[in-house]
Amino acid sequence: MAAGVGLSSADVRLQGRAPGRTRRRSPYPTWFFLPAAVIYGALFLLPTVASLWFSLTRWTLFEAEFIGFENFRQFFREPFLVQGVVNTLIYGALTSGLKTVLGLLLAVLLTGNILFRGTLRTLVFFPVLVSTIGVGFAFEAMMHPTKGVINVALEAVGIDGPGWITNPSLALVSVALVDVWKGVGLATVIFMAGIVSIPADYYEAARIDGATRWQLFWRVTVPLVRPATVTVVTLSLIGGLRYFELIWAMTGGGPGFSSDVIASVIYKQYQAGFYGLATAGNVILFGIIALVVLPLTWWFNRREVDL
Amino acid sequence: MTAMSARRPRRRPTKWRPIVTGALAMAVAFVVFVVPFLFIALQAVKNRRDASRLNFAWPSEWQAWQNFRDVISERNYMLLLAYFNSTVITVGAVALLIVLAAMVGYVLQRRRSRLNGIVMALVLAGLMIPPAVVPTIWVLQGLGLFKTIHGMILIQVAYGLSFSVLLYRAFIATIPKELDEAAIIDGAKPLQVFFRVILPLLRPVTVTLIVVQSIAIFNDFTNPLYYLPGRENVTVQLTLYNFQSQFSSQMNLLFMNVLLVTIPPLIVFIFFNRQIVAGMTAGAVKG
């Protein structure tokens, strides 16, 4: 149906131009955008634009009462909501940083000449494909403070393991570590592609000049995988800032509110029926992602010019 | 893949180094990446009392089959309904995504127009902006799509478009324009050029997208949680969540459920392992 509408408007335009015949009808019609644009516009753009208005209201889904910036004020007044904002930043930075560093190191290892390389690649990538909720439950069980496999193993070597997800100051970090465990495979694969596309001659030339392995890594690999680094940092940061599945599966934001992030706060406010407040949370989350990611992209692009 | 192995010519032929590094890495990878899956599998076949200890002890009795039956029949065969719903959503959304994203990527790459800047900006916005949840529910309600399977399909399409368009656009750039021009000279209409000439040539990236998106949509938890509430609409990931409180004293059943939910991605992975990695990287780095 959408396609039909697009066609007819193209026809009208064509008739208008027909006498001059200056431009043929393009073989790449713009109406190809239309079906996707309708779905995307209605279910993504429209809600996004609407959120700017509804975040300023007390909203029941049927009635919206304008209350100005009250929702935002409340968001930054309630200590647990502020903690959600701080936790979001910690979680995003921690997961993105670790995925980038570990992903690069693993990629170097897995493109090198080692035994079991194929199997290792498979093992590292597999968790990416597994259900997040399932992974969350498994690690929740393994991180149990007394019975959990991790602490039992630590005890065996004489270490008194902490309450990974029961200790409020550790819960968020524990979940972030599981997130890294699950997601590092994707970063590794992207870095592997970057490393493989570096011409072997560069390594050869550097070796002839007497470069050590360490120098090869820092002076050849790291600068030349930049495009992959940019991709990994940006994707994992955007993902990490807006993600809450794993937190929800493992801690539900607890103990208390110690591992709540904005995305889980939004869900809680939604459940409680505070739709305006939940939507304000969405706008804040968008603002934070924009504030973090846009300068970063700008900085990455600028650096590219320098090189 | 072959290029990877050919990359680093060895400096000296030290034979022991690759073996030692490989064996060491394998040992670490076993503990880090294999043990958690063994843990899941082991709990899933234990009886209730053994599983509640959450340890690696050998099960005192094997009851894989009984656990399997218990999980399947729980709450009037909810898991089977969930498999059905998840399959419908995944297949429907992926099919739509492939066609619509390829159409956008094709025209976006081929046609130079002022629209391109706007379209690209919207595509990138889709990657960055977190979906506004409650307003989306409001729109879905207005369209009569809230709590419906087709509503969920369209949501997955809307959220998956950006990534798919970028991947297609990058890949279409590698297909010579002469191919479509030849078809146009032969009198093919735009739709014919697209469906008969271009779409078949996009096969490699299409396979990648089918794999990546179907796993993402099948594993999705957040979106069905928001947009598809209701018992009859349950999806696979939500069964896990729904059973969590019920199974809190029956860890064996919880982990049997985890195991069952992991099987479809595992099958996809076994068949498309190389394809996933190759296609993913092609799009991601060129991006």
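So the values come out like this:
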{"quantity": "Some residue of segment A:6-28 being at the interface with chain B (Cβ under 9 Å from one of its Cβ atoms), within 28 Å of residue B:153 (Cα to Cα), at pLDDT below 90 and out of contact with any Cys (no Cβ under 8 Å at 6 or more places or on another chain)", "calculated": "yes"}
{"quantity": "Looking only at segment A:173-184, and only at residues there that are of a type outside the set (Val, Ile, Thr) and more than 9 Å from chain B (Cβ to nearest Cβ), the one that is farthest from residue A:225 (Cα to Cα)", "calculated": "A:174"}
{"quantity": "Residue that is surrounded by fewer than 16 Cβ atoms within 10 Å (Cβ to Cβ), of a type in the set (A, V, I, L, M, F, W, C) and touching a residue at least 24 places away in the same chain (Cβ under 8 Å), where the choices are B:173, B:182", "calculated": "B:173"}
{"quantity": "Among (1) modelled with pLDDT under 90; (2) more than 13 Å from chain B (Cβ to nearest Cβ); (3) open to solvent by less than 60 Å² (accessible area, probe 1.4 Å), the one test that residue A:298 misses", "calculated": "(3)"}
{"quantity": "Residue in segment A:195-213 that is among the β-branched types (Val, Ile, Thr), touching a helix residue (DSSP H, G or I) at 6+ places or on another chain (Cβ under 7 Å), modelled with pLDDT of 90 or more and open to solvent by 10 Å² or more (accessible area, probe 1.4 Å) present", "calculated": "no"}
{"quantity": "Helices (runs of 4 or more DSSP H) lying entirely in segment B:184-277 (those with 3 or more residues that are at pLDDT 85 or above and more than 9 Å from chain A (Cβ to nearest Cβ))", "calculated": "B:203-219, B:222-227"}
{"quantity": "Subset of segment B:130-160 [in a loop (DSSP other than H, G, I, E, B), more than 8 Å from every other protein chain (Cβ to nearest Cβ) and not aliphatic (A, V, I, L, M)]", "calculated": "B:144, B:146, B:147, B:148"}
{"quantity": "Residue selected from segment B:137-152 under the condition hydrophobic (A, V, I, L, M, F, W, C), closer than 15 Å to residue A:38 by Cβ and out of contact with any Ser or Thr (no Cβ under 9 Å at 6 or more places or on another chain), by the criterion most open to solvent (accessible area, probe 1.4 Å)", "calculated": "B:143"}
{"quantity": "Criterion: among the aliphatic types (A, V, I, L, M) and in contact with a Ser or Thr (Cβ under 8 Å, 6 or more places away or on another chain) - qualifying residue of B:79, B:96", "calculated": "B:79"}
{"quantity": "Selection count where residues are over 21 Å from residue B:131 (Cα atoms) and either touching a residue at least 40 places away in the same chain (Cβ under 8 Å) or under 32 Å from the mean Cα position of the chain (by Cα) (or both), scope segment A:54-68", "calculated": "2"}
{"quantity": "Any chance residue A:226 is within 28 Å of residue A:128 (Cβ to Cβ), within 14 Å of the chain's Cα centre (by Cα) and among the charged types (D, E, K, R)", "calculated": "no"}
{"quantity": "Residues of segment B:89-105 satisfying the condition of being among the β-branched types (Val, Ile, Thr) and under 12 Å from residue B:209 (Cα atoms)", "calculated": "B:94, B:98, B:99"}
{"quantity": "Contacts under 7 angstrom Cβ, first residue in segment B:150-169 being charged (D, E, K, R), partner at pLDDT below 95, 6 or more apart", "calculated": "B:169/B:105; B:169/B:108; B:169/B:109"}
{"quantity": "Residue count, segment A:94-120 (criterion: touching a residue at least 24 places away in the same chain (Cβ under 8 Å), out of contact with any Ser or Thr (no Cβ under 6 Å at 6 or more places or on another chain) and not hydroxyl-bearing (Ser, Thr, Tyr))", "calculated": "6"}
{"quantity": "Given (1) over 20 Å from residue A:176 (Cβ atoms); (2) modelled with pLDDT of 90 or more; (3) open to solvent by 10 Å² or more (accessible area, probe 1.4 Å), index of the condition residue A:282 fails", "calculated": "(3)"}
{"quantity": "Near pairs, Cβ below 8 angstrom, 6+ apart or cross-chain, from segment B:32-49 (touching a residue at least 24 places away in the same chain (Cβ under 8 Å)) to any residue that is part of a helix (DSSP H, G or I) and surrounded by fewer than 19 Cβ atoms within 10 Å (Cβ to Cβ)", "calculated": "B:44/B:64; B:45/B:64"}
{"quantity": "Answer residue from segment B:94-118, given it is buried (at least 18 other Cβ atoms within 10 Å of the Cβ), at the interface with chain A (Cβ under 7 Å from one of its Cβ atoms) and more than 25 Å from the chain's Cα centre (by Cα) and is modelled with the highest pLDDT among those", "calculated": "B:107"}
{"quantity": "Residue match in segment B:70-84 (condition: modelled with pLDDT of 85 or more, more than 30 Å from residue A:37 (Cα to Cα), polar (S, T, N, Q) and open to solvent by less than 60 Å² (accessible area, probe 1.4 Å))", "calculated": "yes"}
{"quantity": "Residue check, residue B:154 modelled with pLDDT of 90 or more and over 30 Å from residue A:61 (Cα atoms)", "calculated": "no"}
{"quantity": "Identity of the residue in segment B:185-196, of a type outside the set (A, V, I, L, M, F, W, C) and loosely packed, with under 15 Cβ neighbours inside 10 Å, that ends up nearest to residue B:168 (Cα to Cα)", "calculated": "B:196"}
{"quantity": "Wholly enclosed helices (runs of 4 or more DSSP H) of segment A:48-162 bearing at least 2 residues surrounded by 15 or more Cβ atoms within 10 Å (Cβ to Cβ) and either among the charged types (D, E, K, R) or away from chain B (no Cβ under 12 Å) (or both)", "calculated": "A:70-77, A:79-111, A:117-125"}
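The values are calculated or read from the model by the stated rules, or taken from the named source; none is laboratory data. None of these values were measured; they are calculated from a predicted model. Backbone-built Cβ (ideal geometry, glycine too); neighbour counts: all protein chains shown. What goes into the accessible areas is simple: the full protein's heavy atoms, side chains included, and nothing from ligands, DNA or RNA. Shrake-Rupley method; radii C 1.70, N 1.55, O 1.52, S 1.80 Å.
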